[in-house]
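Worksheet: one structure, shown below.
A short reminder: the numbers here are calculations on the coordinates, not readings from a lab. A quick note: this is a predicted structure, and the numbers were derived from the prediction, not measured. Every residue, glycine as well, gets a Cβ built from its backbone with ideal geometry; the counts of neighbours run over all protein chains shown.
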Amino acid sequence: MANDVVPRIRLNDGNSIPQLGLGVYKVDDDTAERTVATALDAGYRHLDTAEYYANEAGVGRALAASGLPRDDVYVTTKVWNDQQGFDSTLHSFDRSLDKLGVDFVDLYLIHWPAPRQDLYVETYRALERIREEGRARSIGVSNFQVHHLERLLGETDVVPVLNQIEVQPWLQQTELRAFGDARHIATEAWSPLARGRILDEPLLTGLAEKHGVSTAQLVIRWHLQSGLVVIPKSVTPSRIAENLDVFGFELSDDEMATIAGLDSGERVGSHPDEVG
Ligand SMILES: NC(=O)c1ccc[n+]([C@@H]2O[C@H](COP(=O)([O-])OP(=O)(O)OC[C@H]3O[C@@H](n4cnc5c(N)ncnc54)[C@H](OP(=O)(O)O)[C@@H]3O)[C@@H](O)[C@H]2O)c1
């Protein structure tokens, strides 16, 4: 599956992001190197890591070994909760660049608002500085609720390009996505497969069978047709290839509406008001 089949989403700062990428949460450094090498070989051109994942070095080694031009691979990383604050974020970012072995990232995110620390506005100002310096081409946030976004928009200058949040058929985040859409803040779905748990959902397995695809492919296709950026994680080569092979079928409006009915608000990850 060639990479040029993956559409790009235009961001509010004029840059664009491949709509489908590879996530590497809970993948150790050596496995990340192997997994990213497999993914780049399969045609992925978008990688999602974080300082917290402790695998930026492995991601960077695979990137370097691929021989691909730096501009051809979209790289996202994130500042962790215990590094929030202006100066510590700048230091955290330097470490991330160093481990990744690159001189810029495409996207730098605040990993969680961590509201009890009350540092996300200050942290975002460091991201604005990093963007001004050209060391992150775009900046954004992750796990921000409407009230966190409202405060950020009121107190800082650069509108985040996207908000990376948990989205999967049981947690469709309609209100938060609509808030973002109205302000040109794209939504990126983490745990898009509900960490694998959604794959036994009968309605989805039935639709997958009808289309002759796997349930994971069906769910990834639903994310794409919902206008989301999506970053499924797998360390399994056959699944890495399978998850990219989602451009040969289409869900009908009726099927999209049926899947909308699965939204129950059930999370597989943490609630953003309770982290940090
Ligand atoms: N910003 C945040 O706070 C945040 C939080 C969580 C995640 N994320 C990002 O989002 C990415 C994805 O989320 P996630 O890793 O939590 O979960 P996920 O992508 O929803 O699910 C990953 C799980 O599904 C399995 N899987 C993947 N493809 C499959 C397929 N085709 N068939 C069957 N099983 C399949 C994987 O198994 P194998 O690996 O064993 O193949 C793994 O167990 C992360 O890696 C990370 O980059 C961000």
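Which value, in nm² and rounded to one decimal, describes the direction-averaged projected area of the C-alpha convex hull of the stretch 42-199?
Average projection, Cα convex hull of the stretch 42-199: 9.8 nm².
With N set to the number of residues, divide the alpha-carbon radius of gyration of the stretch 174-215 by 2.2 N^0.38 Å and report two decimals.
1.55
Let me have the relative contact order for the stretch 1-124, percent, based on Cα pairs under 8 Å that are six or more residues apart.
Relative contact order comes out at 22 percent.
Given the peptides 81-90, 158-167, 122-131, arrange them by the average over their residues of other C-beta atoms within 10 Å, most packed first.
158-167, 122-131, 81-90
Reachable aspartates and glutamates from residue 99, Cα under 15 Å, same-chain residues fewer than 8 places away excluded?
By straight Cα distance, residue 99 reaches 28, 29, 30, 33, 48, 51, 56.
Over the residues of the stretch 106-206, compute the C-alpha Rg and express it relative to 2.2 N^0.38 Å.
Dividing the Cα radius of gyration by 2.2 N^0.38 Å gives 1.20.
Restricting to the stretch 127-214, compute how many DSSP beta bridges are antiparallel as a %, nearest 5.
10 percent
Averaging the inverse of every distinct alpha carbon separation and then flipping it gives the Kirkwood radius. What is it for the stretch 61-127, in angstrom units?
12.7 Å
Over the chain, what relative contact order in percent results from Cα pairs under 8 Å that are six or more residues apart?
20 percent
Could you grab the relative contact order for the stretch 86-155? Cα pairs under 8 Å, six or more apart, rounded to a whole percent.
39 percent
So which lysines can residue 210 reach, going by Cα to Cα under 29 Å and dropping same-chain residues fewer than 8 places off?
List returned: 233.
Under 10 Å, Cα contacts only: if you run a Gaussian network model on the chain, which one of 184, 211, 147 comes out with the highest mean-square fluctuation?
Among 184, 211, 147, the largest GNM mean-square fluctuation belongs to 147.
Rule-of-thumb check for the chain: C-alpha Rg over 2.2 N^0.38 Å?
After normalising by residue count via 2.2 N^0.38 Å, the value is 0.95.
Please report the antiparallel percentage of the DSSP beta bridges confined to the chain, to the nearest 5.
15 percent
Which of 23, 251, 264 sits farthest toward the positive end of the charge dipole of the chain, with +1 on the Cβ of Lys and Arg and -1 on the Cβ of Asp and Glu?
Most positive-ward Cα: 23.
Determine Rg/Rh for the stretch 136-276; Rg is computed over alpha-carbon atoms and Rh is the Kirkwood hydrodynamic estimate from the same atoms.
My calculation of the ratio gives 0.99.
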